[in-house]
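K.L.:
A single structure is presented below for examination.
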Amino acid sequence: MQTEPLKLVVGLGNPGPKYAGTRHNAGLWFLEMLARETGQPLREERKFQGHHCKTHWLGTDLHLLFPTTFMNRSGQSVKAVADFFKIAPESILVAHDELDLPPGTARFKQGGGHGGHNGLRDMVRHLGSSDFRRLRVGIGHPGDSKQVVNYVLSTAGKQETTAIEAALDEAIRALPDGLKGDWSAAMNRLHAYRYE
């Protein structure tokens, strides 16, 4: 099934070295891996309140964005880029951490609710739409809802980080199909992946 081609990839996280290795920054890890893959470094862009670059990858012009507004205000940065370059929500992919998936698992998803994720909630509010695509990056759940905030803002262990990075690498391998608008093929590849 062909859909809107991808024009903007957003990696959610919190800025600064204090947060760099935390589980909540798993979306940013993906974006940084993708930027390395495309050979185009992210640069601070004040008018977008984030780190941004435009790259050409596999025949496609693509914007990459890390909002540096802190997670809960990610939407204003994404809206600034979407408005400036006239990018519809359907052409945006947002990579974010996902408590409901184990480390070593990643899933593409079209639209849906915010699931309590503050970064997604703010994006829906600013874009006026929940029709953007998501890359749900599994970080696992601490088992108690009272521990979630401390869990997502703490550093992932070595084995956990290795599992997450392996899933992110597979997501990058699956992304070319999504670039062409063939998200069913991208989903089939990524969702068949099993971290060993």
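K.L.:
Need pairs with beta-carbon distance below 6 Å; first residue closer than 15 Å to Ile92 by Cα and free of Cβ contacts under 8 Å to residues at least 24 places away in the same chain and within the stretch 168-196, second among the small types (Gly, Ala, Ser) and surrounded by 19 or more Cβ atoms within 10 Å (Cβ to Cβ); sequence gap 6+ or separate chains.
P.N.:
Asp177/Ala186
Condition check ((1) free of Cβ contacts under 8 Å to residues at least 24 places away in the same chain; (2) buried (at least 16 other Cβ atoms within 10 Å of the Cβ)) across all residues:
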site: His126; (1), (2): no, yes
site: Ser129; (1), (2): no, no
site: Arg136; (1), (2): no, yes
site: Gly140; (1), (2): no, yes
site: Val152; (1), (2): no, yes
site: Thr162; (1), (2): yes, no
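Residues checked against (1) loosely packed, with under 12 Cβ neighbours inside 10 Å; (2) without any contact (Cβ under 8 Å) to a residue 60 or more places away in the chain; (3) touching a helix residue (DSSP H, G or I) at 6+ places or on another chain (Cβ under 9 Å):
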{"position": "Gly16", "(1), (2), (3)": "yes, yes, no"}
{"position": "Gly27", "(1), (2), (3)": "no, no, yes"}
{"position": "Arg43", "(1), (2), (3)": "yes, yes, no"}
{"position": "Gly50", "(1), (2), (3)": "no, yes, yes"}
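Each reported figure results from applying straightforward, stated rules to the coordinates on display, with no laboratory input. Quick caveat: nothing in here was measured; it's all calculated off a predicted structure. Ideal geometry is used to build each Cβ from the backbone, glycine not excepted, and the neighbour counts take in all protein chains shown.
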